[in-house]
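First the structure, in the form of structure tokens, and then the observations on it.
The values are calculated or read from the model by the stated rules, or taken from the named source; none is laboratory data. Model, not experiment: these values are computed from the prediction. Heads up, the Cβs are rebuilt from the backbone with ideal geometry, glycines too, and the neighbour counts pull from every protein chain shown.
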Amino acid sequence: MKILVAVKRVVDYNVKVRIKPDGSDVDIVGVKMGINPFDENAIEEAIRLKEKGLATEVIAVSLGGSANQDVLRHALAMGADRAILIETDVDLQPLVVAKLLKAIVEREKPDLILLGKQAIDDDAGQTGQMLAALLDYPQGTFASAIEIEANTLTVTREVDGGTETLALTLPAVVTADLRLNEPRFVKLPNLMMARKKPIEAINVTALGIAIEPRLKLIQVAEPAVRKAGIKVGSVEELLNKLRTHEGILV
Amino acid sequence: MTILILAEHDGVQLNPSVQQAVTAAKAWNSAIHVLVAGNGADAATKQAASIHGVEGVIQVNASHLENLIAEDVANLIVSISKDYSVILAAHSSFSKNALPRVAALLDVAMISDVLEIKANNTYVRSIYAGNVLTTVLSSDAVQVLTIHGSNFNAAALTGNATIALVDAPPAFDKTQWKSEIRSQSDRPALSSAKIVVSGGRSLGSAEHFEKVLSPLASKLGAALGATRAAVDAGYAPNDIQVGQTGVVVAPELYIAVGVSGAIQHTYGMRDSKVVVAINQDPDAPIFQVADYGLVADLFDVVPALTAAIQ
């Protein structure tokens, strides 16, 4: 069984992103970047399936500039066998990413495609479902557990108010929730070894897919900041404020 | 042009967020239809027909729609999509599973978790865990979006729309429903509760989480919430996580107990009307978003607060 894992390079989750002075976009020049956390869960799951003898090959794929090699090296150091970089400097939106991934799926013919459930930069949470739709594959989104037996993948999904379990006929698309697993730490020797693993670069134009953004960005802005209120000294004072000033808990 | 709202329901009750979606849909000043897919969800269908502003309700019954698998829901929406220029739903684990699939099948972009709908298919939504607002314009022929429920008032239940029955396309046979586990609770649903009591890692254990917060929540008729740290530590179940990757809430009162206030958490609660924070650390970031902060040992003041409430 072959597994394809899509990884996105995003601004590190600890960084508070700044806006360009003209409000045209966010300013991420020189900001610390890394692998999207949910995508790290996706790689971890793929590698565990390989370690259990259920998968034979794990391929990591990323889309973006040559800087994306760092997240692919990270995936290789975790245990992916090889990597593909679809090279472009255009800012890609989820529908386009899904179309480009579909082209790679058609070439590589994986039995399972794993992605993170959302990227922490655009918070869209669409790519996995869109890819499944374009391939007419079943989808298991927000996965917190998966099991594979023969040609069936059983997925437990985190939904509002509980979990639900589906059986998907492979090939299928699964998007990872944080609860799926605890990604391993990458050790330095693995990082060194990962340098020897191949990264194949494909220029996006070779895939013949229109990549222009559908959504036009008009502007970005800071949200209204919630103002800090006051400190109260006691439970009595707190209740008094809630009752007299807010009219609640009367 | 007509607007189609994908209704969320549990087989019996319509989710209250559908009323918020109807208010959002009124931005286009066009006829509004609500789709109730399921297997005999008659009560939910009637509720949908009673929402003010809804012109028609489309009820689709099929055994394979019983559990509302995304693949089947998407194929159904696509089968009736030629009549619609806008397809929307309130943002939830249900809609964000199905609607991106619809958008891809229609070859259009999707706009997730819209905060504000402006003229000419222009939308405001947040990125980077709510730290940045973006305004985007979609020129696609069909607009597919989810809306941030708490940003829209619920439409009144004073309408009387016509109900039409429509046939479902065949089942998507590569996905089979197995089972579900719904958390059993006497408390109100977290996403629509008027009061939320939320706990962080400072509670220290699942036992303390229950012992300290449950009595307060019970007395207030509140839902319980938790930070990701508390959930990861095993103090609270996954489905009550409030934040960027969990549930987003906007109650009238949010009481954060032992919550540090990471941006990923505040994203999920900062639209609350009144925020109370109880934390021993006077520098905890939660105080920057709290209306009333109490710097104290939660193990002392939460029982005292519980006792002081009538």
Original post:
Does A:P223 meet the test of being out of contact with any Asp or Glu (no Cβ under 9 Å at 6 or more places or on another chain), without any contact (Cβ under 8 Å) to a residue 12 or more places away in the chain and more than 26 Å from A:I120 (Cα to Cα)?
Top reply: no
When (1) assigned to a helix (DSSP H, G or I); (2) of a type in the set (S, T, N, Q); (3) surrounded by 19 or more Cβ atoms within 10 Å (Cβ to Cβ) are applied to B:Q59, the one that fails is (1)
* Is it the case that B:I181 is facing chain A (nearest Cβ under 10 Å) and either among the basic types (K, R) or surrounded by fewer than 18 Cβ atoms within 10 Å (Cβ to Cβ) (or both)? -> yes
Filtering the range A:1-60 down to residues that are touching a helix residue (DSSP H, G or I) at 6+ places or on another chain (Cβ under 7 Å), in contact (Cβ under 8 Å) with a residue 60 or more places away in the chain and part of a loop (DSSP other than H, G, I, E, B) yields A:V7, A:K8, A:Y13
If we ask which residues in the range A:240-250 are surrounded by 15 or more Cβ atoms within 10 Å (Cβ to Cβ) and either at pLDDT 95 or above or basic (K, R) (or both), their number turns out to be 1
key: Flag for A:V31 being at pLDDT below 95, surrounded by fewer than 18 Cβ atoms within 10 Å (Cβ to Cβ) and within 14 Å of another protein chain (Cβ to nearest Cβ)   = no
Sole miss for B:G199 among (1) touching a residue at least 24 places away in the same chain (Cβ under 8 Å); (2) at the interface with another protein chain (Cβ under 9 Å from one of its Cβ atoms) is condition (2)
In the set A:L166, A:L95, A:L115, A:L101, the lone residue that is within 14 Å of chain B (Cβ to nearest Cβ), closer than 29 Å to B:S17 by Cα and either modelled with pLDDT under 95 or outside any strand (DSSP E or B) (or both) is A:L95
Exactly one of B:S79, B:S138 is touching a residue at least 12 places away in the same chain (Cβ under 8 Å) and surrounded by fewer than 17 Cβ atoms within 10 Å (Cβ to Cβ), and that one is B:S79
For A:V220, the lone unmet condition from (1) in contact with a Leu (Cβ under 8 Å, 6 or more places away or on another chain); (2) more than 21 Å from B:V124 (Cβ to Cβ); (3) at the interface with chain B (Cβ under 10 Å from one of its Cβ atoms) is (2)
If we keep only residues of the range A:168-204 that are closer than 24 Å to A:Q129 by Cα and not aliphatic (A, V, I, L, M), then the residue surrounded by the fewest Cβ atoms within 10 Å (Cβ to Cβ) is A:E182
Q.
Would you confirm whether or not the range B:104-115 contains a residue that is modelled with pLDDT of 95 or more and more than 11 Å from every other protein chain (Cβ to nearest Cβ)?
A. yes
Considering residues that are part of a helix (DSSP H, G or I), closer than 13 Å to A:A80 by Cβ and of a type outside the set (A, V, I, L, M), the number found within the range A:179-199 is 1
Taking the range B:18-44 and keeping only residues that are assigned to a helix (DSSP H, G or I) and surrounded by 24 or more Cβ atoms within 10 Å (Cβ to Cβ), one is left with B:V18, B:Q19, B:A21, B:V22, B:A24, B:A25, B:A44
Note: among B:A89, B:A98, B:A155, B:A164, just one is surrounded by fewer than 19 Cβ atoms within 10 Å (Cβ to Cβ) and more than 7 Å from every other protein chain (Cβ to nearest Cβ), namely B:A164
In the range B:218-242, residues that are among the hydroxyl-bearing types (S, T, Y), buried (at least 21 other Cβ atoms within 10 Å of the Cβ) and not in a loop (DSSP other than H, G, I, E, B) total 0
